[in-house]
1. Sort through Val371, Val376 and tell me the only one that's touching a Pro at 6+ places or on another chain (Cβ under 9 Å), closer than 20 Å to Ala508 by Cα and either surrounded by fewer than 24 Cβ atoms within 10 Å (Cβ to Cβ) or free of Cβ contacts under 8 Å to residues at least 40 places away in the same chain (or both).
2. Out of the residues in the range 280-304 meeting the condition of being among the β-branched types (Val, Ile, Thr) and under 16 Å from Ser499 (Cα atoms), tell me which one is surrounded by the fewest Cβ atoms within 10 Å (Cβ to Cβ).
3. Return the only residue of Phe136, Phe129 being touching a residue at least 60 places away in the same chain (Cβ under 8 Å), assigned by TED's automatic domain parsing to the domain that holds Ala28 and over 22 Å from Ser171 (Cβ atoms).
4. Where the second residue is of a type in the set (D, E, K, R) and part of a helix (DSSP H, G or I) and the first is farther than 17 Å from Leu135 by Cα and lies in the range 394-417, which pairs have Cβ atoms under 6 Å and are six or more apart or on separate chains?
5. When you scan the range 362-388, how many residues do you find that are over 20 Å from the mean Cα position of the chain (by Cα) and not in a loop (DSSP other than H, G, I, E, B)?
6. Against the condition at pLDDT below 80 and in contact with a Phe, Trp or Tyr (Cβ under 7 Å, 6 or more places away or on another chain), how does Thr68 come out, does it pass?
7. What number of residues within the range 389-428 satisfy the criterion of being in a helix (DSSP H, G or I), more than 23 Å from Gly118 (Cα to Cα) and at pLDDT below 85?
8. Give the range 220-243 a look and list any residue that's touching a Pro at 6+ places or on another chain (Cβ under 9 Å) and of a type in the set (A, V, I, L, M, F, W, C), or say none.
Amino acid sequence: MATENKVIGLRSLPRRQVVITMAGVMLAMFLSSLDQTIVSTAMPTIITDLGGFTQYTWVTTAYLITSTIALPITGKLTDMYGRKYFYVVGIVIFTLGSLLCGLSQSMTQIIIFRGFQGIGAGIMMANAFTVIGDLFPPAERGKFQGIISAVFGVSSVIGPPLGGLITDGLSWHWIFFVNVPLGIIVVLLFLFYFPHFRPDVQKHRVDYPGMTALVLAVVPLMLALTWGGVEYPWGSIQIIGLFAFSAVMALAFLIIESVAKEPIIPLSLFRNQIVSVSELVVFLTGFVMFGTIIFIPLFFQGVLGLSATTSGSFLTPMMLGLVFGSFVSGQMLSRTGGRYRMLGAGGLVITAIGVFLLSRMTVDSSYAAAVMYIVVGGFGLGITLPLYIITVQNAVPYSMLGVATSSTAFFRTLGGSVGLAVFGSIMNNRFAVEFMRGLPPAITNNVPAAQLDTLSHNPQALLSADAQSQLKGLLGNPGPQGAALFDQVLQALRHGLQSALSQVFLIALVVLLVSLVIHLLIKEIPLRKQHAGGDPAVENRGKGKG
């Protein structure tokens, strides 16, 4: 067994230790990505059971808010104190959060516990790709991103159909419970085998004011984007106040970071043109990616009338396309020495084509066409995923590896949070308008306005047999005329939701085209074949000493 003080250089780390470390990272990646794909498939069923269609995006938004905040904080702290124990704590929080989500009995509870779970997920994400940077120089990282992508692919392929089967066969509660045994295994593996990366042993000063300002800037922004046009009008004092407070705290954060001894997000990062362009493109692609993944199951279940199991299977081709795109991107980056400008442009163009095709889907779209569109979009997104991480890592010294890597994930998840909030607001507002417009006079003249208003903000009749029974009771007439009215309301609901989601995809297309223009400004430099800034220290403990 290694002694407490035994320290070896990174490139002296035994092969066995590298293999075990990679295995731990892959298992943690499997855990977090499996959770995301299972939950997205089950969300329509969750809102049917617990109520709250207007809170559809909040279950994911709460998760993204907390994980977003955790990312830069964790990245900086691991640069200061090492990766291992932050990783372990993150997995423990994630596993406990999964258990609590599974026990939830209301939308409020599941939103709170998903937020708690997101803290653990943020810590895990901040470490995953940073550890790859610890082990391998930039020129070699593309190959290993392919391995990570393969793990993500397995979980993504398993997740949607598994989520649908569990939801239809048992209950949505079990989609969270499945994380618990896997989480326990990963924690034990990390405790006994994961090496302790320690970049240096000097004293550090934690940037608590910066952390506080970051939280107070991000959370009000997300609340304003989520509540605007739904809970409160966009021009209300509540929404304007949240935006104003967020802006003030964002300014305070910039001031604090400019004078902090060890800032959470060093502003010097963004003086690097490669980093600044990459982070902006990552933000915009995150905006599109999370919105697309979350709303596709709603389209299939609500518009095309599929079950949760069948709907989940439609995410599988998209994930396979994403994984294949990531693998191709990583391999091409390594083999070409870093031709990331051309590769990134190609990925964004392919993604834009896929999203445009999604926006053209209707209630009569064929399953084969839907699968093709999803694969195209997923492949394009997959190309961009490893590209910007490796590009940013290649542009900064090793001493900033953790904060640079986590800042990339930070901007992707921040973009996802903003995208979900914006898309959710657009979907709710457009659905209400299109539903009322599509109702025949026989409905608008005979059904109370209050009941129609309720339907216009919650199309649960498309997702739930119980809600359909309630709708039939609302229409009153059990004879042929009542059945015809029922079918007309369902058609209005279906067309309203299709129109709303099509608008969401069109806005996503515009965002992608803007990101393509920005990407073309990026400076291209060869990928380094060695670590920059010297090796970190690695302390081996327990069975992982090699």
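The values are calculated or read from the model by the stated rules, or taken from the named source; none is laboratory data. Everything numeric in this text was worked out from a predicted model, so none of it was measured. Virtual Cβ from ideal backbone geometry, glycine too; neighbours counted across all protein chains shown.
1. Val371
2. Thr292
3. Step by step, each of Phe136, Phe129 is checked, and only Phe129 is touching a residue at least 60 places away in the same chain (Cβ under 8 Å), assigned by TED's automatic domain parsing to the domain that holds Ala28 and over 22 Å from Ser171 (Cβ atoms).
4. Note: pairs meeting the criteria are Phe411/Glu279.
5. Residues that pass the stated criteria total 7.
6. For Thr68, the condition - at pLDDT below 80 and in contact with a Phe, Trp or Tyr (Cβ under 7 Å, 6 or more places away or on another chain) - is met.
7. Within the range 389-428, residues that are in a helix (DSSP H, G or I), more than 23 Å from Gly118 (Cα to Cα) and at pLDDT below 85 number 10.
8. Listed by number, the residues that qualify are Ile239, Leu242, Phe243.
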